[in-house]
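Worksheet: one structure, shown below.
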Amino acid sequence: MQIEASGLSVERGGRVIFAGLGFRLGAGEALAVKGPNGSGKSTLLRALAGLLPLAAGQIALTPETEARRGELCHYIGHADALKPALSLIENLAFSAALLGGQDVERAIGRLGLAAVADLPAAYLSAGQKRRAALARLVAVQRPFWLLDEPLTALDAASQTVIGELMQAHLAVGGLIVAATHAPLPVTARELVLGRAA
Amino acid sequence: MSQSPQLNPQDSRKARPAPLRALLLRDLRIGRRIGGAVSMGVVFFLCLVTITPFAVGPDQALLARIGPAILWIAALLATLLGLDRLLQADAEDGSLDLFLTSETPLELIVLVKSLAHWLLTGLPLVAASPIFGLMLGLAPAELPRVVASLLVGTPALTLLGAIGAALTVSLRRGGLLLAVLILPLAVPVLIFGVAAAGDPIVGFKTPFLILCGLTLAAVALTPFAAAAALRHGAE
């Protein structure tokens, strides 16, 4: 699978966030989106996931599929999409059922969350919540990962695990676009967004 | 390698837990854990029914005559009470992004969320209404009409409210705006609901059947309106 984006432009509230952005990403490639705060990294990821409309430009997936782009994506944004009242395993089982995956146990083991799986998400630390959100990557198989600051709040061991997961995903032909300030743990091309005033 | 079965989403379609059932169970579980959702509506209902006789005066015949209308107004307001959180919580914590990247249509997700909300808030009101009817001096023989009209009519109120919840999803204090947006739409339901509950002239059957029709129309149409509002609100 590969993705080609050209002439992307997104406006929010009448303000142009970025314009004329393009890149091409082939199977097994990663793209690190860099740039200062407010340069539109998160906006780009949301637009790629189909959560924001494009003001101009197009995104083409090859081979073409009938699925909407969002159905092929894992979008892991700043919000962890965890319900504080539900336990971690209930949260993950729900997102897996919704997104169409079933490897919940394996995901919890892989991210080292087995000890806290039965705790309500309200009692988890920031890093544990982040890991719970990233566990969706393992629980549900999707080819196109959109990760917004994936390494924030993670300890060194977890960063290593995420690095291994990303490496394995690329090895089977997956695609990753990650907005990040820290260097990614995999080899990635860079797309630097400027600040337009 | 790009044709690896691991990355083909089609393969995982077999034998996976139904997303809509999972959503229904999740919302019911959250409602039960957090608590308050069930009791808040019923207590509010009880407050309105309790203070009305003090406002109207101790004329039992009058109370019995306006009883069905009071019960319906109380049910309408109690339904509106918790509706602003129907979709807002999911929008704030990122769950809405999950909904939008799932294969399940957003329309069905809104419908199932409304069903869960009605089971948590509407159904307890229906269950409590015979007792509150007696408190207002309704004749026991009239109670089945009240219960039947509320049972059929309150889902329409919740579904209409879902449109308002979707429109106000990004507003910090959208509750009042939601009420203003939804009340005009709820008026037909209120009219035929009260008529079915206790109008001595038109009888039960005609308004009840129209009420059924309104609810069925709400089931068929409001999820599309609410989903469109949600998609638009994502911009």
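Quick note: the coordinates plus some simple rules give every number you see, no bench work behind them. This is a predicted model, so every value here is computed, not measured. In this analysis, Cβ positions are derived from the backbone assuming ideal geometry, glycine residues included, and neighbour counts consider all displayed protein chains.
Scanning chain B for helices, which whole DSSP H stretches are 24 Å or more long along the axis (Cα) and average 1.6 or more by Kyte-Doolittle?
Those that clear 24 Å and a mean of 1.6 are B:37-56, B:60-81, B:143-167, B:175-198.
Once you average over the residues of B:101-109, how many Cβ atoms of partner chains fall within 10 Å of each Cβ?
4
Long hydrophobic helices in chain A, taken as whole DSSP H segments with a C-alpha length of 18 Å or more on their own axis and mean Kyte-Doolittle hydropathy at least 0.0: A:156-171.
Placing a pseudo-label 7 Å from each Cα along the Cα-to-Cβ vector at A:Thr65 and B:Arg32 gives an inter-label distance of 3.5 nm.
Farthest towards the positive end of the charge dipole of the stretch A:41-185, among the residues A:Leu154, A:Val104, A:Leu88, is the Cα of A:Leu154, using unit charges on the Cβ of Lys, Arg, Asp and Glu. Remark: mean inter-chain Cβ contacts per residue of A:23-31 equal 1, using a 10 Å Cβ-Cβ cutoff to other protein chain atoms. Over the protein assembly as shown, the fraction of Cα-Cα pairs per 20 Å bin, rounded to whole percents and listed from the shortest bin up, is 24, 47, 23, 6, 0.
Annotation: amide H of A:Val10 within the under-5 Å range of A:Ile17, A:Phe18, A:Ala55, sequence separation 5 or more or interchain, hydrogens built in the peptide plane.
Applying the Karplus relation 6.51 cos²θ - 1.76 cosθ + 1.60 with θ = phi - 60° to the stretch A:28-35 yields 3J(HN,Hα) values of x, 10, 10, 10, 9, 8, 10, x Hz, where x marks Gly and Pro.
The trypsin sites (Lys or Arg not before Pro) of the stretch B:155-235 that meet both conditions, a loop assignment by DSSP and at most 16 other Cβ atoms within 10 Å of the site Cβ, are B:Arg172, B:Arg173.
In chain A, Cα pairs under 8 Å separated by at least six residues give a relative contact order of 31 percent.
Which order do B:Val43, A:Val186 fall in if you start with the one that has the fewest other Cβ atoms within 10 Å? Going from least to most buried by this count: B:Val43, A:Val186. Ordering A:Thr62, B:Thr154 from the fewest to the most neighbouring beta carbons within 10 Å gives A:Thr62, B:Thr154. Compared with the direct C-alpha span, the chain from A:Val192 to A:Ala56 gains 47.0 nm at full extension, assuming 0.36 nm per residue. What you get for chain A, charging only the Cβ of Lys and Arg (+1) and of Asp and Glu (-1), is a dipole of about 460 debye around the Cα centre.
Here the Karplus relation 6.51 cos²θ - 1.76 cosθ + 1.60, evaluated at θ = phi - 60°, turns the backbone of the stretch A:10-19 into coupling constants of 10, 10, 9, x, x, 10, 7, 7, 8, 8 Hz, with x for every Gly and Pro. Here the dipole of the stretch B:18-233 is about 200 debye; that uses its Cα centre as origin and unit charges on the Cβ of Lys and Arg (positive) and Asp and Glu (negative). Taking every DSSP beta bridge that has both ends in the protein assembly as shown, the antiparallel portion is near 45%.
Separation of the stretch A:83-154 from the stretch A:1-19 is 29 Å, based on Cα centroids. Annotation note: trypsin sites (Lys or Arg not before Pro) in the stretch B:14-64 located in DSSP loop regions with a Cβ neighbour count of at most 10 within 10 Å are B:Lys14. If you build a Gaussian network model of chain A, linking Cα atoms that sit under 10 Å apart, which residue out of A:Ala156, A:Ala47, A:Ala132 swings the most? Among A:Ala156, A:Ala47, A:Ala132, the largest mean-square fluctuation in the Gaussian network model of chain A belongs to A:Ala156. Backbone amide hydrogens, once placed in the peptide plane, bring A:Val33 within less than 5 Å of A:Ala178, A:Ala179, A:Thr180, A:Leu191, excluding anything fewer than 5 places away on its chain. Remark: spin-label model distance B:Leu176-B:Ala55 equals 1.9 nm, labels positioned 7 Å along the Cα→Cβ axis. Take each residue in A:67-73, count the other chain C-beta atoms within 10 Å of its C-beta, and the mean is 4.
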